[in-house]
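Here the structure comes first, spelled out in structure tokens, and everything after it is commentary.
The values are calculated or read from the model by the stated rules, or taken from the named source; none is laboratory data. A quick note: this is a predicted structure, and the numbers were derived from the prediction, not measured. So basically every Cβ, Gly included, is an ideal-geometry build from the backbone, and we count neighbours across all protein chains shown. For the accessible areas, the whole protein counts, side chains as well, though only heavy atoms, and no ligand, DNA or RNA atoms are used. Shrake-Rupley method; radii C 1.70, N 1.55, O 1.52, S 1.80 Å.
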Amino acid sequence: DGGITQSPKYLFRKEGQNVTLSCEQNLNHDAMYWYRQDPGQGLRLIYYSQIVNDFQKGDIAEGYSVSREKKESFPLTVTSAQKNPTAFYLCASSPGAGTVSSGASVLTFGAGSRLTVL
Amino acid sequence: AQSVAQPEDQVNVAEGNPLTVKCTYSVSGNPYLFWYVQYPNRGLQFLLKYITGDNLVKGSYGFEAEFNKSQTSFHLKKPSALVSDSALYFCAVRALGGGGFKTIFGAGTRLFVKA
């Protein structure tokens, strides 16, 4: 079945450590996104990528980094510079990139990764 | 700036009664509007979208939404609520950013349907 796989589902980190969250999709989607979800704040965009080897900062990119070396993969690294990293992280993808029709594209989400800083 | 507002943190409704979850938006140009639903500890699932055409859009699980351009609203509705509809609902808009389209979400509205 086509979909998005996020791993790990749960992750615990000590302060000062970097951690990387994995996101893999087999939907042949061009665009991929990372969101952070906190209670009462909805989803906030961290980074997004419309094409391989290119990505853009979202609204809360500070303390995070990404790469897009393959179409299928968009890993997110939470660095020690992120002051409040405990949250639920969601990866998503959508077809099309940069065309007018991509405005109508529906996002497909992974099941999420819950990061807790100890 | 593009934005989405969901004025209610929580909506309570009795099973069998109609439900409405409110959403207003602010975008430049024509809006691409969406509703998604999230069940506990899961990702979001698509319900319906408005791109153009009829103002009343029908989606999954019996949900529908009404686009009102003059009021810049896109309220989610269902004629008869089910207990299983209890979840977190997000309104969203697709907006063109520097790197292509991105989706902007509202803060979410938690729906409780009581038996």
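The table that follows gives values for the structure above.
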quantity: Residue A:30 being in contact (Cβ under 8 Å) with a residue 60 or more places away in the chain and within 12 Å of another protein chain (Cβ to nearest Cβ); calculated: yes
quantity: Pairs with Cβ under 7 Å, 6+ apart, first in the stretch A:48-75 and without any contact (Cβ under 8 Å) to a residue 12 or more places away in the chain, second outside any loop (DSSP other than H, G, I, E, B); calculated: A:56/A:47; A:56/A:48; A:56/B:97; A:57/A:47
quantity: Every residue from the stretch B:1-11 that is part of a strand (DSSP E or B) and surrounded by 16 or more Cβ atoms within 10 Å (Cβ to Cβ); calculated: B:4, B:11
quantity: Flag for residue A:102 being modelled with pLDDT under 95 and either surrounded by fewer than 15 Cβ atoms within 10 Å (Cβ to Cβ) or out of contact with any Leu (no Cβ under 7 Å at 6 or more places or on another chain) (or both); calculated: yes
quantity: Candidates A:46, A:60 - the one that is in contact with a Gly (Cβ under 6 Å, 6 or more places away or on another chain), within 13 Å of chain B (Cβ to nearest Cβ) and within 25 Å of residue B:88 (Cβ to Cβ); calculated: A:46
quantity: Filtered residues of the stretch B:30-49 (kept if open to solvent by less than 60 Å² (accessible area, probe 1.4 Å), outside any strand (DSSP E or B) and more than 9 Å from chain A (Cβ to nearest Cβ)); calculated: B:31
quantity: Residue satisfying all of: in the stretch B:12-28; in a loop (DSSP other than H, G, I, E, B) and open to solvent by 20 Å² or more (accessible area, probe 1.4 Å); nearest to residue B:94 (Cα to Cα) among these; calculated: B:27
quantity: Restricting the stretch A:76-87 to residues that are of a type outside the set (D, E, K, R) and surrounded by fewer than 17 Cβ atoms within 10 Å (Cβ to Cβ), the residue that is farthest from the other protein chains (Cβ to nearest Cβ); calculated: A:80
quantity: Tally, over the stretch B:101-115, of residues that are crowded, with 21+ Cβ neighbours inside 10 Å and facing chain A (nearest Cβ under 7 Å); calculated: 6
